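Structure record follows, encoded as structure tokens.
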Amino acid sequence: MAVNETPIVPPNSAVLVDGEAGEFLLYKMTALGATPMFTLADDRGRTIMTSENIPPQMNYERRWPQSPDDDPVP
């Protein structure tokens, strides 16, 4: 039986956001199924968006950064 291996590529920062100029990223996700389970995190392990502790829904949306504490990776 043949095995297909998909290499894991480390994340690469490709988008720069200037928070002082009012720029932000808008994450949108559509989840299919009865109970979606996901967590979107940055490379520091900070959670940006998750399905935990909220009622199941089909469409999720999150603006980032929401506050100055959501500092980008230098």
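The values are calculated or read from the model by the stated rules, or taken from the named source; none is laboratory data. Since this is a predicted model, take the numbers as computed values, not measurements. Note that each Cβ is placed from the backbone with ideal geometry, even for glycine, and that neighbours are counted across all protein chains shown. The accessibility values were calculated without ligands, DNA or RNA, using every heavy atom of the protein model including side chains. Shrake-Rupley method; radii C 1.70, N 1.55, O 1.52, S 1.80 Å.
Some notes on this structure:
- Number of the exception - Glu23 against (1) free of Cβ contacts under 8 Å to residues at least 12 places away in the same chain; (2) touching a Leu at 6+ places or on another chain (Cβ under 6 Å): (2)
- Residue within region 37-44 that is modelled with pLDDT of 85 or more, open to solvent by 70 Å² or more (accessible area, probe 1.4 Å) and not in a loop (DSSP other than H, G, I, E, B) present: yes
- Screening Val9 with (1) modelled with pLDDT of 75 or more; (2) assigned to a loop (DSSP other than H, G, I, E, B); (3) β-branched (Val, Ile, Thr) gives one miss only, at (1).
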